[in-house]
Amino acid sequence: MSGVELTADEVRHVAALARLGLDDAEVERLGRELTSILAHVNTIAALPIADVPPTKHSRDSADSLRPDVARPGLPREDALRNAPDPSADGFRVPPIGA
């Protein structure tokens, strides 16, 4: 590990920020887990990446999306066929809060 270990008070503080209620066993377990996560973050932060250029992907690739071409949509009758309560203009839904 990185030598940095979270105290129970620090774990409780983080839990309070996240609005979590933890018992003592959970504080102990999460303290170990968070300490392990921080150790991994410290390992990554120590990597020599100053000369590594920013990348979008780990390997070169062309755009894999198909061209955006307009085409006819689904006919209204087909779109509304399985609607539980269709209307002349589209889907009828209950009002919000009802």
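Filtered by the rule that a residue be within 30 Å of ALA18 (Cα to Cα) and within 23 Å of the chain's Cα centre (by Cα), region 44-78 gives ILE44, ALA45.
Could you check, for region 63-78, whether at least one of its residues is surrounded by 10 or more Cβ atoms within 10 Å (Cβ to Cβ) and at pLDDT 85 or above?
Taking region 63-78 and keeping what is surrounded by 10 or more Cβ atoms within 10 Å (Cβ to Cβ), we get 76.
Next cut, at pLDDT 85 or above only: 76.
Scanning region 63-78 turns up at least one residue that is surrounded by 10 or more Cβ atoms within 10 Å (Cβ to Cβ) and at pLDDT 85 or above.
Restricting ARG76, ARG81, ARG66, ARG19 to residues that are of a type in the set (Lys, Arg) and at positive phi narrows the list to ARG19. Here ASP68 clears all of (1) within 27 Å of LEU6 (Cα to Cα); (2) out of contact with any helix residue (DSSP H, G or I) (no Cβ under 9 Å at 6 or more places or on another chain); (3) part of a loop (DSSP other than H, G, I, E, B) except the condition numbered (1). Out of the residues in region 5-27 that are charged (D, E, K, R), within 26 Å of the chain's Cα centre (by Cα) and under 21 Å from VAL41 (Cβ atoms), state the one that is surrounded by the fewest Cβ atoms within 10 Å (Cβ to Cβ). For region 5-27, the residue satisfying everything is GLU10.
The values are calculated or read from the model by the stated rules, or taken from the named source; none is laboratory data. Please read all numbers here as calculations on a predicted model, not as lab measurements. Note: ideal-geometry Cβ built from the backbone for every residue, glycine included; neighbour counts use all protein chains shown.
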